[in-house]
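A.B. asks: Take a look at the following structure, please.
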Amino acid sequence: MSTMRLLHICLVLLFSTEISSQHCDLLSFQQKKLNKDSLELLEKMGGNFPFQCFSERTDFKSMQDVLKLQLSQKENAKLAIQNILQEIFTVFSKNLTQTAWDEISIITFQNKLHQQIERLEACLGFQKEKDGTKMGSDGLVLTKLKIKRYFQGIYNFLEEKQYSLCAWEIIRMEMTRGFLLVDQLTKSI
């Protein structure tokens with residue numbers, strides 16, 4: 001009886017590993033699709049950039065310039081994408097009361113982001129188990145810190161502008177650039 005139980009457990013683990021492996025193989029395709037959907041939702045939820053916000057100034061450097069990501073390994077790119085998406089999710093979970101954005105689009109956008117993050121986490125976890133990959137290397141830690149620092153500037157900007165409509169519109173445009181970087185990183189996985 002215990003031999004059959006052990007055989008059953010081994011088969012379940014074997015098939016779940018195979019499914020996880022296939023899931024990671026499709027990650028690039030899925031990521032491109034979800035990224036495209038997120039960009040469309042980001043545009044749809046706010047519509048055109050309000051005329052009254054054109055005079056607002058920001059000192060944001062491009063996310064790509066700030067991060068200067070030199071990601072040669074697929075896992076590094078996946079981890080950077082996951083961190084960027086997690087930060088974008090956090091930004092759009094903040095005080096959205098002053099926006100005139102379509103609430104259904106916001107919720108759908110948040111759900112798509114959550115989906116992307118979960119898929120990346122699952123794939124990164126599977127890859128770590130499979131390869132014994134060390135996810136705490138100096139390069140990865142530095143990349144995470146740069147991403148945190150960049151988004152801290154976003155949070156500070158929103159707070160300084162008291163989460164105004166124009167501040168949110170500027171952040172929405174900035175996050176569009178963030179998704180373009182995620183799209184570039186996705187091509188490397």
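A.B. asks: Taking 0.36 nm per residue of separation and subtracting the Cα-Cα distance, what length does fully extending residue 142 through residue 166 add?
C.D. replies: Numbers: separation 24, 0.36 × 24 = 8.64 nm, distance 3.16 nm.
Here the answer is 5.5 nm.
A.B. asks: Further question on the same structure: Using 1/(1 + (r/R0)^6) with R0 = 22 angstrom and r between the beta carbons of residue 159 and residue 187, what's the FRET efficiency to the nearest 0.05?
C.D. replies: 0.05
A.B. asks: Anything over 28 Å Cα to Cα? Flag those among 36/78; 148/187; 161/187, in the order listed. Please report the intermediate quantities before stating the final value.
C.D. replies: Details: 36/78 17 Å; 148/187 23 Å; 161/187 35 Å.
In this structure, 161/187 exceed 28 Å between Cα atoms.
A.B. asks: Test of understanding: what is the full-extension gain from residue 58 to residue 107, defined as 0.36 nm times their sequence separation minus their Cα-Cα distance?
C.D. replies: 15.0 nm
Quick note: the coordinates plus some simple rules give every number you see, no bench work behind them. Since this is a predicted model, take the numbers as computed values, not measurements. Counting neighbours? That spans all protein chains shown, and the Cβs are built from the backbone with ideal geometry, glycine included.
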